[in-house]
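This report refers to the structure that appears directly beneath it.
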Amino acid sequence: MCGIVGYVGHRNALDVVMGGLRRLEYRGYDSGGVALPDPSTGRIAWAKKAGKLANLDGVLAETTMPETTTGIGHTRWATHGAPNDRNAHPHLSEDGRLAVVHNGIIENFAVLRAELEAAGHELLSETDTEVVVHLLSDELQRTPALDDAVRAVCQRLEGAFTLVFTDARQPDVVVGARRNSPLVVGRGDGENFLGSDVSAFIEFTREAVELGQDQVVAITRDSMTVTDFDGAPAETTSYHVDWDVSAAEKGGYDWFMLKEIDEQPQAVAETLLGRYGRSGRLQLDEMRLSDDELRDVDKIIIIACGTASYAGLVAKYAIEHWTRIPCEVELASEFRYRDPIIDRSTLVVAISQSGETMDTLMAIRYARQQRARVLSICNTNGSTIPRESDAVIYTHAGPEVAVASTKGFLSQIVACYLLGLYLAQVRGVKYGDEIDAIMAALEKLPAGIQRMLDEGEQVRKLAAELVDTRSVLFLGRHVGYPVALEGALKLKELAYLHAEGFAAGELKHGPIALIEDGIPVFVVVPPKARDQLQEKIVSNIQEIRARGALTIVLAEDGDDDVVPYADHLIRLPKVPTLLQPLVATVPLQIFACELAGLLGHDVDQPRNLAKSVTVE
Ligand code: AGP
């Protein structure tokens with residue numbers, strides 16, 4: 001998730017663009033850059049620098065930039081290519097005439113890059129973005145108008161993208177294009193803006209225009225033209241923004257956490273994007289372990305902390321079922337002190353959203369000393385844990401600002417699924433059509449998650465009913481057990497409540513003593529396909545209800561066995577058993593977030609917690 005700004009108007013473009021980038025920095029801070037079309041030279045004047053925008057400010061302080069009234073800018077959240085100066089946006093054409101900034105993933109960039117290099121183009125970065133400006137440079141030889149050329153280029157691109165272009169030979173126009181990635185227009189008086197969201201231009205105008213799928217927009221200081229990729233005029237939606245600047249950075253949400261919960265369908269979709277080619281084979285971009293090394297693995301140990309460790313627990317069920325490789329899950333803070341049995345054939349999988357958690361980092365250092373191979377699953381490109389791993393699978397959830405992990409958690413689970421299927425593919429224990437079927441089910445999950453979001457009001461009302469509760473229990477079986485643990489953790493860290501997750505089968509071994517009249521108990525019921533488990537957990541619900549518990553049951557559509565014992569019933573879409581955590585977790589996130597808000601807590605920064613725990 002990157003930040004993009006475009007401007008054409010009467011003000012100093014560099015000031016406008018940099019101001020917009022500062023308000024978009026929460027969307028990505030791996031690098032920043034600006035491009036200004038300089039008509040006096042017919043070339044782009046540009047500056048870019050890795051790190052936060054303060055680093056770019058330093059470069060600009062030492063660079064003479066032209067006074068222009070047109071410009072574009074970018075703050076990067078790295079997906080392809082490490083967060084360094086070379087990979088920072090903007091990317092320029094070889095003749096220095098054109099610049100592009102991009103948010104998203106060009107799924108077919110490798111094919112396009114090979115084609116361009118075979119035609120003699122020299123690409124300087126590791127990014128997927130750079131291929132676009134080279135394609136545009138070629139297209140402009142045939143199609144002189146910038147917007148026409150952009151439309152032709154967009155028809156060759158696959159994946160998710162917001163692209164914004166400037167041309168030093170057409171400095172009075174900025175052109176943008178979008179597919180599956182946000183772009184909004186700000187309409188001013190004698191000036192127009194493009195932004196990833198309205199915070200890019202809200203200090204200048206509150207009149208916005210939302211762009212639709214597969215649309216190209218051309219702005220000048222006095223005009224806006226919107227078409228589809230074929231050039232036909234397109235419908236747009238104009239609206240007035242009534243947020244303040246701070247709310248705008250949260251996209252109008254009260255909390256980043258609410259925004260990030262709502263971003264989960266996109267986070268899951270983008271983590272899947274580009275990893276399952278037309279060939280029906282998985283391709284993991286930074287899988288630097290060879291097939292032979294992966295075939296040599298005889299044990300997997302997943303290490304992580306907190307929510308990430310629960311993603312690992314979900315992964316254990318899937319990886320063992322799909323690959324038949326023994327898979328353990330360990331808390332990173334315990335792992336290296338218990339003298340674990342690991343060797344060259346052990347694959348240690350470190351899961352970390354931030355990539356900086358010290359417990360996890362120290363654990364992988366220990367594992368590598370013991371000659372284990374280490375693969376990390378991380379959301380932060382270029383952070384320490386992936387840098388010290390043999391291979392990495394990046395989640396593409398975008399920056400997760402709220403301390404409580406939500407989209408990071410779901411995308412970690414998806415990345416673990418991809419690892420399990422990749423291992424099964426390499427080791428030949430799953431046929432292509434079996435992998436096809438699972439990937440097809442996974443690709444439907446964003447819609448299932450969106451349904452849980454759309455039906456969230458029921459959960460928010462429940463939170464209001466339970467605002468005075470002092471203890472909540474969570475039960476689950478199979479992959480529902482880690483979901484129960486995660487639901488309890490969310491409530492602990494957000495509402496500061498006693499909350500515990502249990503394997504439902506453990507109730508009778510002690511925890512059932514906690515059941516008393518009115519205690520709320522969430523129960524995550526496995527899909528009916530797991531009929532043995534389903535019967536047992538229905539019995540568990542009866543046991544706790546008979547003792548006075550308030551039962552809040554999460555069960556798939558059509559599972560009516562639970563209805564007589566559910567004081568509250570939250571319906572889940574029918575999904576394969578192993579994938580159910582991706583939908584079952586969402587109501588628990590909403591519940592915890594809503595209850596914390598009702599209690600007046602700081603939802604984004606709960607007391608005593610930090611987003612990345614960089615101490616042991
Ligand atoms: C999750 O809501 C918590 N913020 C915490 O448990 C977190 O998951 C844990 O500290 C691990 O962080 P990491 O994924 O960045 O390594």
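Throughout, read-outs are computed from the coordinates displayed, never taken from laboratory work. Only a predicted model underlies this, so the values are computations on that prediction, with no experimental measurement involved. Every residue, glycine as well, gets a Cβ built from its backbone with ideal geometry; the counts of neighbours run over all protein chains shown.
Overview of results
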{"read-out": "Efficiency of FRET from Cβ geometry, residue 210 and residue 331, R₀ 45 Å, rounded to 0.05", "value": "0.50"}
{"read-out": "Long-range HN-HN contacts of residue 302 with modeled amide H, under 5 Å", "value": "328, 329, 330, 349"}
{"read-out": "Sorted by Cβ density within 10 Å, fewest first, the residues 111, 575", "value": "111, 575"}
{"read-out": "Angle between the chain longest axis and helix 531-546 axis [Cα atoms, degrees, rounded to 10]", "value": "70"}
{"read-out": "Cα Rg over Rh - the range 1-144, Kirkwood", "value": "0.96"}
{"read-out": "Check: the chain dipole with +1 on Lys, Arg Cβ and -1 on Asp, Glu Cβ, in debye", "value": "1220"}
{"read-out": "For the chain, share of DSSP beta bridges that run antiparallel, in % to the nearest 5", "value": "60"}
{"read-out": "Residue exposure sequence - 91, 509 - by fewest surrounding Cβ within 10 Å", "value": "509, 91"}
{"read-out": "Projected-area mean, the range 1-78, by convex hull of Cα positions, square nanometres", "value": "4.7"}
{"read-out": "Taking the chain and dividing mean pair separation by its residue count, relative contact order in percent (alpha carbons under 8 Å, at least six apart)", "value": "11"}
{"read-out": "Rough spin-label spacing in nm, given labels placed 7 Å along Cα→Cβ, for residue 156 and residue 453", "value": "3.3"}
{"read-out": "Cβ-based charge dipole, the chain, positive-most Cα from 599, 502, 271", "value": "502"}
{"read-out": "Theoretical FRET efficiency, 1/(1+(r/R0)^6), r = Cβ-Cβ of residue 143 and residue 292, R0 60 Å, to 0.05", "value": "0.80"}
{"read-out": "Cα-based radius of gyration of the range 183-224 once divided by 2.2 N^0.38 Å, which approximates compact folds", "value": "1.05"}
{"read-out": "Helix 480-495 axis, angle to the chain major axis (alpha carbon atoms, nearest 10°)", "value": "70"}
{"read-out": "Rg and Dmax of the range 446-524, Cα atoms only, in Å", "value": "13.3, 39"}
{"read-out": "From phi via Karplus (6.51, -1.76, 1.60), per-residue ³J(HN,Hα) for the range 157-166 in Hz, x at Gly/Pro", "value": "9, 10, x, 10, 7, 10, 10, 10, 10, 9"}
{"read-out": "Check: the range 447-595 dipole with +1 on Lys, Arg Cβ and -1 on Asp, Glu Cβ, in debye", "value": "260"}
{"read-out": "Paired Rg and Dmax values of the range 204-288, which use every Cα atom, in angstrom", "value": "18.3, 50"}
{"read-out": "Two-decimal ratio, the range 459-616, of alpha-carbon radius of gyration to 2.2 N^0.38 Å", "value": "1.01"}
{"read-out": "Binned Cα-Cα distance frequencies in the range 359-456 - 10 Å width, integer %", "value": "13, 35, 33, 17, 2"}
{"read-out": "Assigned charges on the beta-carbon of Lys, Arg, Asp, Glu; the range 310-430 dipole about Cα centre (debye)", "value": "380"}
{"read-out": "3J(HN,Hα) from dihedral phi, the range 507-522, Karplus parametrisation 6.51/-1.76/1.60, rounded to Hz, x for glycine, proline", "value": "3, 5, 9, x, x, 4, 5, 6, 6, 9, 4, x, 5, x, 10, 7"}
{"read-out": "Shape of the range 389-541, Cα gyration tensor, a/c cut at 1.5", "value": "prolate"}
{"read-out": "Amide H partners (placed H, <5 Å) of residue 47, local residues excluded", "value": "34"}
{"read-out": "Viscosity 1.567 mPa s, 4 °C: Kirkwood-radius Stokes-Einstein D of the range 96-191 over Cα pairs, µm²/s", "value": "93"}
{"read-out": "Violating pairs (Cα-Cα greater than 25 angstrom) within the set 259/444; 407/574; 430/536; 259/611; 430/574", "value": "430/536"}
{"read-out": "Listed residues 284, 614, 45: farthest to the positive end of the dipole of the chain (Cβ charges)", "value": "614"}
{"read-out": "Calculated SAXS-style log₁₀ I(q)/I(0) at q = 0.15, 0.18, 0.24, 0.25 Å⁻¹ - the range 518-603, Debye, Cα scatterers", "value": "-0.57, -0.78, -1.16, -1.22"}
{"read-out": "Gap separating the Cα centres of the range 281-300 and the range 45-109, nearest whole Å", "value": "34"}
{"read-out": "Mean Cβ count within 10 Å, highest first, over the residues of peptides 21-33, 363-375, 220-232", "value": "21-33, 363-375, 220-232"}
{"read-out": "Crossing angle, helix 306-323 versus the chain [Cα axis fit, 0-90 degrees, rounded to tens]", "value": "80"}
{"read-out": "Percent RCO, i.e. relative contact order, over the range 321-404, from Cα pairs under 8 Å lying at least 6 residues apart", "value": "26"}
{"read-out": "Of 463, 448, 438, farthest towards positive along the dipole that unit charges on Lys, Arg, Asp, Glu beta carbons give the range 434-503", "value": "463"}
{"read-out": "For the range 68-113, alpha-carbon Rg over 2.2 N^0.38 Å", "value": "1.27"}
{"read-out": "Using alpha carbons only: equivalent-ellipsoid semi-axes of the chain, gyration tensor based, whole Å", "value": "44, 28, 22"}
{"read-out": "The range 1-71 - percent relative contact order, Cα under 8 Å, separation 6 or more", "value": "39"}
